[in-house]
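First the structure, in the form of structure tokens, and then the observations on it.
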Amino acid sequence: MGKDILIVGAGLSGAVIGRELAEAGHSVRIVEARDHIAGNCHTERCPETGVMVHVYGPHIFHTDDTGVWDYVNAHMRFLPYKNRVKAQSGGRVFSLPINLLTINQFFGQTLRPAEARAFIEAQADTTIEDPQTFEEQALRFVGPALYEAFFKGYTQKQWGCHPRELPAAILKRLPVRFNYDDDYFAHRHQGMPEGGYTEMVASILDHPGIEVALNTPYAPDMADDADHVFWSGPLDAYFGHDLGRLGYRTLDFERFTEQGDYQGCAVMNYCDAEVPFTRITEHKHFAPWETHEGSVMYREFSRACGPDDIPYYPIRQVEEKTLLRDYVTRAETLAGVTFVGRLGTYRYLDMDVTIREALDTARHFLRSRAGNKAMPAFVHAPL
């Protein structure tokens, strides 16, 4: 007997859509190529130290969407966590995002907020009226000294190109604060799941109408028994990459362990270009309610994503957007498949947005079925 819904991928998108449709009475089969659920937010206990490790790099939950906050807390209790990032530059340690303490430390000043605002404006290149590139955005709003110290080298390592080749929008997401607030995010709801993200996703998937098959890559004949397919894999992979591969950055992790507290914080960025890694994360600090003698750290190295690598960050520059448009046009001619999530729509999505879009997509599907209307290839457009 066939399943009426096939979902490719057991990450956040697939799990949330699957749960919503199962609760509405649909029979759902989810196929996952990896040997675990939860996608890139997969967490597991280190057998050596007992530390909860974010296997594919840290995932910190932050949102202003109270509905999504209530949704995740219904499946796992979230405990308070604030992301307070530190950065090494020029042999010194600073607080990020750039705030009043960073400014005073860096310039050897004791400025008050209004003074600091005027001071930074004096540093800025005001001849740049409409910043188009990352570099122009940084020079216009923080000036050359802070740009060189905190953004230029880190960005080159993270994206593999000069900041003048990147759009200004990337930097617009990074705040500069003229107070001593060092909370990296400004959202009302912030926290970490007490038992890890994988347990949270397991709770979402825990429904008699959902069947999950791990270690099961998608094969086209799987769709034969499905009334509809939700695809959360890479958009170009659905078509066998036959128009070319969309560009991503991937991450390599160098894992190591120590006794005690290695760096005193969860995230330490390394901004100097000559340091090959972008940051070191110390995972026990992501669960400050736990106590562990040992510690697990990851050095992160960013590079171009190859065919066999895990895609992390969509590049979305002019060349990629041109290819993306071709794939989107092609996808929109299809019936019976909807592309979802970070990979399926080739966008960088935070976890809360991923969950919100998955809920919206599932509800759109239910409305479409109720009204005998066709389900679109994209509920949330990639372009």
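Every read-out reported here was derived from the displayed coordinates using simple, explicitly stated rules and does not represent laboratory data. As the structure is a computational prediction, the values presented were derived from the model and not from experiment. Ideal geometry is used to build each Cβ from the backbone, glycine not excepted, and the neighbour counts take in all protein chains shown.
Over segment 120-222, one equal point on each Cα, no solvent: what is log10 I(q)/I(0) by the Debye formula at q = 0.12, 0.17, 0.20 Å⁻¹?
Taking Cα atoms of segment 120-222 as identical point scatterers yields -0.66, -0.85, -1.02.
Kindly state, to the nearest 0.05, the FRET efficiency for Ala381 paired with Asp65, given R0 = 25 Å and r defined as their beta-carbon distance. Could the numbers behind the result be given before it?
On the way: r = 20 Å, r/R0 = 0.79.
E(calc), rounded to 0.05, equals 0.80.
Could you tell me the center-to-center distance, by alpha carbons, between segment 135-190 and segment 51-122 in angstrom?
Rounded to whole Å, the Cα centres lie 12 Å apart.
For Ile7, what residues show an amide H to amide H distance below 5 Å, using hydrogens built from the backbone and excluding near sequence neighbours?
When sequence neighbours closer than 5 places are left aside, the close amide H contacts are Arg29, Ile30, Val31, Phe230.
For Lys86, which lysines qualify as cross-link partners when the Cα separation must be under 30 Å and same-chain residues fewer than eight apart are set aside?
Of all the lysines, those that pass the test against Lys86 - Cα under 30 Å, at least 8 places apart if same chain - are Lys152, Lys157, Lys172, Lys284.
Rounded to the nearest 500 deg cm²/dmol, what is the calculated helix-only ellipticity per residue at 222 nm for the chain, with -39500 (n - 2.57) per DSSP H run of length n ≥ 4?
Here the helix-only value at 222 nm equals -8500 deg cm²/dmol.
Let me see the P(r) profile for segment 169-259: every Cα-Cα distance counted, bins of 10 Å, each bin given as a percent of all pairs.
Answer for segment 169-259: a P(r) of 9, 21, 30, 28, 11, 2 percent.
Taking a spot 7 Å from the Cα of Leu79 along the direction of its beta carbon, which residues of segment 223-262 have an amide N less than 20 Å from it?
Under 20 Å, as judged by backbone N against the label point of Leu79, lie 260-262 of segment 223-262.
Can you pull the Kirkwood radius for segment 85-172, inverse mean 1/r over Cα pairs, to one decimal in Å?
Taking the inverse mean of 1/r over all distinct Cα pairs, segment 85-172 comes out at 13.4 Å.
Could you give the nm distance between label points at His241 and Glu258, where each point is 7 Å from its Cα heading toward the beta carbon?
Inter-label distance under the simple model: 3.8 nm.
So, counting K/R as plus one and D/E as minus one, what does the shell of residues with Cβ under 12 Å around Leu323 add up to?
Result for the local shell: 0.
Which length gain, in nm to one decimal place, applies between Val176 and Arg112 when the Cα-Cα distance is subtracted from 0.36 nm times their residue separation? Provide the component values of the computation, followed by the final result.
Numbers: separation 64, 0.36 × 64 = 23.04 nm, distance 1.45 nm.
So the chain would gain 21.6 nm between Val176 and Arg112.
Express the Stokes-Einstein translational diffusion coefficient of segment 291-383 in µm² s⁻¹, to the nearest whole number, given a Kirkwood radius over alpha-carbon pairs, 10 °C and a viscosity of 1.306 mPa s.
100
Looking at segment 15-66, which GluC sites (Glu not before Pro) are in a loop (DSSP not H, G, I, E or B) and have at most 13 other Cβ atoms within 10 Å?
Glu48
Whole Å is fine, so just give me how far the alpha carbon centre of segment 255-277 lies from that of segment 315-383.
The distance from the Cα centre of segment 255-277 to that of segment 315-383 comes to 37 Å.
Hand me the chymotrypsin sites (Phe, Trp or Tyr not before Pro) from segment 306-383 located in a DSSP loop with no more than 13 other Cβ atoms within 10 Å, in residue order please.
Loop-located and lightly packed - Tyr348.
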